[in-house]
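Written out below as structure tokens is the structure these notes cover.
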Amino acid sequence: MIRIAAVGDVHVDKDVVGRYRPALEQLPDRADALLIAGDLTRHGTPEEAKCFATEFGGLAVPVVVVLGNHDHQTDQQQRVTEVLTDAGITVLECSTTVLEIRGHRLGIAGAKGFGGGFAGACASNFGEREMKNFVGTTEDIAARLGEALRSVTCDALVALTHYAPVPETLVGEPLEIYPFLGCYQLGNAIDSAPTALALHGHAHHGSERGRTPGGVPVRNVAHPVIKQAYNVYQLLSESVDAELVPA
């Protein structure tokens, strides 16, 4: 059994420091790792990244994150990443990490992702250069996430993104903004590998549960959705990749 704690959209700045820490201190008894699905900060400044590191760093379990759109706001995402890495937090962007957990290998492939929409209401790589650039960014990130997922050798594989890979977890958001909350290409990337679980954030008014077209469980762990410091999910089976249940 592998227990995964997850949350997203915590938007830490100096006013938030201390809010999550009491619950985080209990993690060793509840989960084997903490995954955070982007929007770690409010405006993506190194100062806010230090606040996040104070709140979420130095825990007794590994912490793995992806950045979100808020973390790119001031165009200092590289510096934000450096601050987090220096604090012992693993930051993924179209990359992977493998955690050894009680004899099992938990593989995590992460990427921020991007928008574009879903079947029947999605942007296409056609027309103006600006639109081609937009969709090209989406396609590139999804392709690289797929490559990362397929590259991992592990017992259980988790995809971690900020943007949503399916529309089901966006239910509750205005339909008009679905293209800015996720894209079908991320779902295709997740289905290209033996993924056991996909986690994302970004959709504050969305729904928690969905599935990719290939049947991979998807969970929207944005803090406004789960309404607690983190949810815990258990991957259960002899190979640790067949069944997902809430803890």
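When only residues in the range 119-174 that are of a type in the set (S, T, N, Q) and buried (at least 16 other Cβ atoms within 10 Å of the Cβ) count, which is farthest from the chain's Cα centre (by Cα)? Walk me through how you get there before you give the answer.
Residues of the range 119-174 that are of a type in the set (S, T, N, Q), as a first pass: 124-125, 133, 137-138, 151, 153, 161, 169.
Going one step further and asking which of them are buried (at least 16 other Cβ atoms within 10 Å of the Cβ), we end up with 138, 161, 169.
Working: THR138: 16, THR161: 3, THR169: 13 Å.
It comes out as THR138.
Can you tell me which residue in the range 1-55 is nearest to ALA196 (Cα to Cα), limited to those that are among the small types (Gly, Ala, Ser) and without any contact (Cβ under 8 Å) to a residue 40 or more places away in the chain?
Among those residues, the one meeting the criterion is ALA53.
Can you name the residue in the range 76-111 that is at positive phi and either among the aliphatic types (A, V, I, L, M) or in contact (Cβ under 8 Å) with a residue 24 or more places away in the chain (or both) and is also surrounded by the most Cβ atoms within 10 Å (Cβ to Cβ) among such residues? Top of the filtered list is CYS94.
Just for the range 90-123: of the residues that are part of a loop (DSSP other than H, G, I, E, B) and of a type in the set (Lys, Arg), which one is nearest to GLN185 (Cα to Cα)?
Kept after step one, since they are part of a loop (DSSP other than H, G, I, E, B), are these residues of the range 90-123: 92-94, 102-103, 112-116, 119-120, 123.
Cutting the leftovers down to of a type in the set (Lys, Arg) gives us 102, 112.
Details: ARG102: 34, LYS112: 13 Å.
Within the range 90-123, the match that is nearest to GLN185 (Cα to Cα) is LYS112.
Given (1) touching a residue at least 24 places away in the same chain (Cβ under 8 Å); (2) among the hydrophobic types (A, V, I, L, M, F, W, C); (3) in a loop (DSSP other than H, G, I, E, B), where does PHE126 come up short, assuming only one miss? Here PHE126 clears every test but (1). Here PHE52 passes the criteria (1) touching a Lys or Arg at 6+ places or on another chain (Cβ under 9 Å); (2) crowded, with 24+ Cβ neighbours inside 10 Å; (3) farther than 24 Å from PRO165 by Cα; (4) not acidic (Asp, Glu) except the one numbered (1).
All of the numbers you see were taken from the coordinates with simple rules; none came from a lab. Note that the structure is a prediction, hence the values are computed from the model and not measured. Counting neighbours? That spans all protein chains shown, and the Cβs are built from the backbone with ideal geometry, glycine included.
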